[in-house]
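Report on the structure given below.
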Amino acid sequence: MRPVSLLLRAVLLPALITLAPVSPAAAGDDPLGSWPLRPQPEVAARFDPPTSTYGAGHRGVDLLGHASEQVLAALPGRVTFAGTLAGLGVVVVSHGDTRTTYQPVAARVSVGDVVAEGAVIGALQPTGSHCAPRVCLHWGWLRDQTYLDPLLLVDAGPVRLLPLWRDLPAAPPPTGSWMPAPLPYARWRPVGWPA
Ligand SMILES: [Zn+2]
C-alpha cells in the first residue's frame, strides 16, 4: 500500500470522522422525519442560529406554503403546546429530548395528543408569516434551549463532513456551538502529507 493510502487510513479518516459535526439526534439515521408541508415545499429562508441567547439570527427554517394548508408533524411525538404566543398560533411537538415547533399555525390538536409522523397538527395561517406577503411555515427544532437545523430531519441540511483543512482563515466557532475548534492554522496538513 502506498504511504499516502496508509496515511489516509491511519490519520485522515479517523480525523474526519471525529470532526464531522453530526447532530446527535440525527447520527446515522437520516432521514428521521418528513417535511411538515406536502408536497415538499420550497425553503424560503434557511437556518441561521444566533450566536447568543438574544442574538440576531433565524431560529428555524421558513417553508413556503399557502393559507390554510395542512401542517404535518415532522416526527412522531406528543403535543406539548397548542395555542397562541404573542398573537401567533403555535404548535410544539415533543420527541423525547428534542421538540419541533410550527408557526403560524391554527392548531387542530391539543396538549397531550400523541401524533404520528405526518399527522395533521394544524392549518397554516397567513398572518405573522416570516415571508410576508408570502405565506410560509416557520419550522423549528430544539434540544433544550439549543436551536438545531430542522432540515437535518429531512436530510436537506448542510453537508456534514467538514474538510480536514481549508484555505480560508479559520474563525473560531460561535460560543456554545457544537462545531469543532478550528485547525491550528490555515493550510495545515498532516505530517508527511504532500504539499
Ligand atoms: Zn422563520
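Going by the structure shown, is Gly65 modelled with pLDDT under 95 and either within 16 Å of the ligand (Cβ to nearest atom) or not aromatic (Phe, Trp, Tyr) (or both)?
no
Just to be sure, is Thr51 among the hydroxyl-bearing types (Ser, Thr, Tyr) and part of a strand (DSSP E or B)? Full working, then the answer.
Numbers: among the hydroxyl-bearing types (Ser, Thr, Tyr): yes; part of a strand (DSSP E or B): no.
Judged against the criteria, Thr51 is not a match.
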ask   = Out of curiosity, is Trp165 at pLDDT below 95 and either not in a helix (DSSP H, G or I) or not β-branched (Val, Ile, Thr) (or both)?
value = yes
request  = Evaluate the following for Gly89: is it touching a Ser or Thr at 6+ places or on another chain (Cβ under 7 Å) and either surrounded by 15 or more Cβ atoms within 10 Å (Cβ to Cβ) or within 17 Å of Asp149 (Cα to Cα) (or both)?
outcome  = no
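The values are calculated or read from the model by the stated rules, or taken from the named source; none is laboratory data. Just so it is clear, the structure is predicted and the values come from calculations on it, not from any experiment. Please note: Cβ atoms are built from the backbone with ideal geometry, for glycine as well, and neighbour counts cover all protein chains shown.
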